[in-house]
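Data first, discussion second: the structure below is written as structure tokens.
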């Protein structure tokens with residue numbers, strides 16, 4: 001995995017992104033792992049609570065898989081793909097609520113999904129290089145400087 005970095009904001013090359021939703025997607029066979037981007041965790045600030053949706057349910061693109069409460073924001077973690085919610089990373093967040101603030105692309109993943117319309121919805125995702133270019137403009141426009149929470 002290679003990260004492209006702009007003003008401290010990392011955008012790994014090997015992931016897909018829905019930049020508008022600030023969500024990354026990692027394909028693993030017929031499943032995907034989803035998480036919030038470095039830009040998203042920075043804009044939200046340190047997380048303080050997450051309310052998870054029920055595993056086993058099907059969610060349509062754009063619907064929340066969780067509601068995140070941070071030090072300065074409350075809002076949804078939307079799915080960029082329609083599909084069945086297979087798993088949530090609840091145990092990691094119970095152990096360290098700021099895990100996504102520390103490691104948004106690794107231990108801080110949010111959910112595992114089995115997409116049901118991947119062929120149709122894949123066109124809404126962009127690769128790492130395209131996401132990096134889009135985030136550069138967004139970061140400049142909103143004067144964002146990414147940081148990771150420390151112990």
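We did not get these values from a lab; they are worked out from the coordinates using the rules stated. Model, not experiment: these values are computed from the prediction. For neighbour counting, all protein chains shown are included, and Cβ atoms are generated from backbone atoms with ideal geometry for every residue, glycine included.
If contacts are Cα pairs under 8 angstrom and at least 6 residues apart, what is the relative contact order of the chain in percent?
Details: 312 pairs, mean separation 43.7, N = 151.
RCO, the chain: 29 percent.
Give me the percent relative contact order of the range 38-126, please, defined on Cα pairs under 8 angstrom at least 6 residues apart.
Details: 160 pairs, mean separation 24.9, N = 89.
Relative CO of the range 38-126 lands at 28 percent.
Arrange 33, 39 by Cβ neighbour counts within 10 Å, fewest through most, would you?
Going from sparsest to densest Cβ surroundings: 33, 39.
Based on the Kirkwood radius over alpha-carbon pairs, what value in µm²/s does the Stokes-Einstein equation return for the translational diffusion coefficient of the range 1-87 at 4 °C and 1.567 mPa s?
94 µm²/s
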